[in-house]
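Participant: The structure follows.
The values are calculated or read from the model by the stated rules, or taken from the named source; none is laboratory data. Since the model is a prediction, treat every value here as computed from it, not as a measurement. Cβ coordinates were reconstructed from backbone atoms using ideal geometry, including for glycine residues, and neighbour counts include every protein chain displayed. Side chains are part of the model used for accessible areas, which takes the heavy atoms of the whole protein and leaves out ligands, DNA and RNA. Shrake-Rupley method; radii C 1.70, N 1.55, O 1.52, S 1.80 Å.
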Amino acid sequence: MTREEVILVARATADQEGWIWLEPVSVRRSRRFTFFGRRTWRVYTNSEEIGCNVRIDIDDESREIIGKGFCRR
C-alpha cells in the first residue's frame with residue numbers, strides 16, 4: 001500500500017463510523033514486532049492536539065483494518 005491509499009482507507013473508515021477527521025494527519029509504517037512480523041500502518045488524525053483523534057491500524061498486505069478508535073476529549 002502507498003501512503004495515499006492508507007489515508008483513503010482510513011478516511012473512509014472514519015466516515016463510516018461518523019468520526020471527525022481533522023488535520024494534520026500522522027501516518028507511520030512499521031512491523032508488528034521489532035525485527036519480524038507483518039507490516040502495519042497507523043493513521044492518527046489531529047496529531048498535534050489532544051482530543052478529536054482518530055486512530056486506525058491497517059495491515060499492509062491484506063488492507064484489513066486491525067484496530068480503530070476515536071478519542072473525543
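Participant: Taking interchain pairs and intrachain pairs at least six residues apart, which have beta carbon atoms under 6 angstrom, with the first residue in the range 25-37 and without any contact (Cβ under 8 Å) to a residue 12 or more places away in the chain and at positive phi and the second assigned to a strand (DSSP E or B) and open to solvent by 60 Å² or more (accessible area, probe 1.4 Å)?
Facilitator: Partner pairs satisfying both residue conditions: 37/31.
Participant: Any residue at all in the range 52-60 that's hydrophobic (A, V, I, L, M, F, W, C), open to solvent by 50 Å² or more (accessible area, probe 1.4 Å), assigned to a strand (DSSP E or B) and touching a helix residue (DSSP H, G or I) at 6+ places or on another chain (Cβ under 8 Å)?
Facilitator: No, the conditions are met nowhere in the range 52-60.
Participant: Considering each residue of the range 23-49, count those that are in contact with a strand residue (DSSP E or B) (Cβ under 8 Å, 6 or more places away or on another chain) and either open to solvent by 50 Å² or more (accessible area, probe 1.4 Å) or part of a strand (DSSP E or B) (or both), and give that number.
Facilitator: Going through the range 23-49 one residue at a time, the tally reaches 14.
Participant: Which residues, taken from the range 1-16, are open to solvent by 50 Å² or more (accessible area, probe 1.4 Å) and not in a helix (DSSP H, G or I)?
Facilitator: Scanning the range 1-16 gives a single hit, 2.
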